[in-house]
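Peer 1: There's a structure below that I have some questions on.
No value in this document is a laboratory result; all are computed from the given coordinates. Note that this is a predicted model, so its numbers are computed, not measured. FYI the Cβ positions are ideal-geometry reconstructions off the backbone, even for glycines, and counts take in every protein chain you see.
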Amino acid sequence: MISITKVKKTFQYIRGEKTVEKQTFSIPNISCGHCTAAIHNELSELPGISIVEGNVEAKTVTVEWDEPASMDQILYTLKEINYPSE
Ligand SMILES: [Cu+2]
């Protein structure tokens, strides 16, 4: 199981009948555009994830999602593809 204690507070808002969550993940392993592209491709396949925006210089990925996607699932997937969030 992945601890989410280090993750900052998630931004939430209501869109239609859904609660959309938005979080910027800090990912030290990001080194170039291929990294953010790989993360984008992997996360975009998860149902519920609507936006994946990578920033190479900041080494962050901003993700927007609603159900059935979850924070735990995103963190797990990032770890699985060797881009763990710290
Ligand atoms: Cu890279």
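Peer 1: Could you tell me which residue of the range 22-56 is nearest to the ligand (Cβ to nearest atom), considering only residues that are in a strand (DSSP E or B) and farther than 12 Å from Tyr83 by Cβ?
Peer 2: Result: Asn55.
Peer 1: Moving to a separate point now. Please go through the range 10-61 and pick out each residue that is of a type in the set (Lys, Arg) and closer than 15 Å to Ile74 by Cβ.
Peer 2: Selection gives Lys22 alone.
Peer 1: Let me ask something else about it. Any idea how many residues of the range 67-83 are assigned to a loop (DSSP other than H, G, I, E, B), surrounded by fewer than 18 Cβ atoms within 10 Å (Cβ to Cβ) and away from the ligand (no atom under 15 Å from the Cβ)?
Peer 2: Number of matching residues: 3.
Peer 1: Within the range 69-86, how many residues turn out to be free of Cβ contacts under 8 Å to residues at least 60 places away in the same chain and of a type in the set (A, V, I, L, M, F, W, C)?
Peer 2: The number of residues fulfilling the criteria is 4.
Peer 1: Right, something else. Would you tally the residues in the range 14-33 being under 15 Å from Met71 (Cβ atoms) and touching a residue at least 40 places away in the same chain (Cβ under 8 Å)?
Peer 2: Number of matching residues: 8.
Peer 1: Go through the range 45-74 residue by residue and tally those that are within 23 Å of Arg15 (Cα to Cα) and either of a type outside the set (Gly, Ala, Ser) or in contact with a Gly (Cβ under 7 Å, 6 or more places away or on another chain) (or both).
Peer 2: 20
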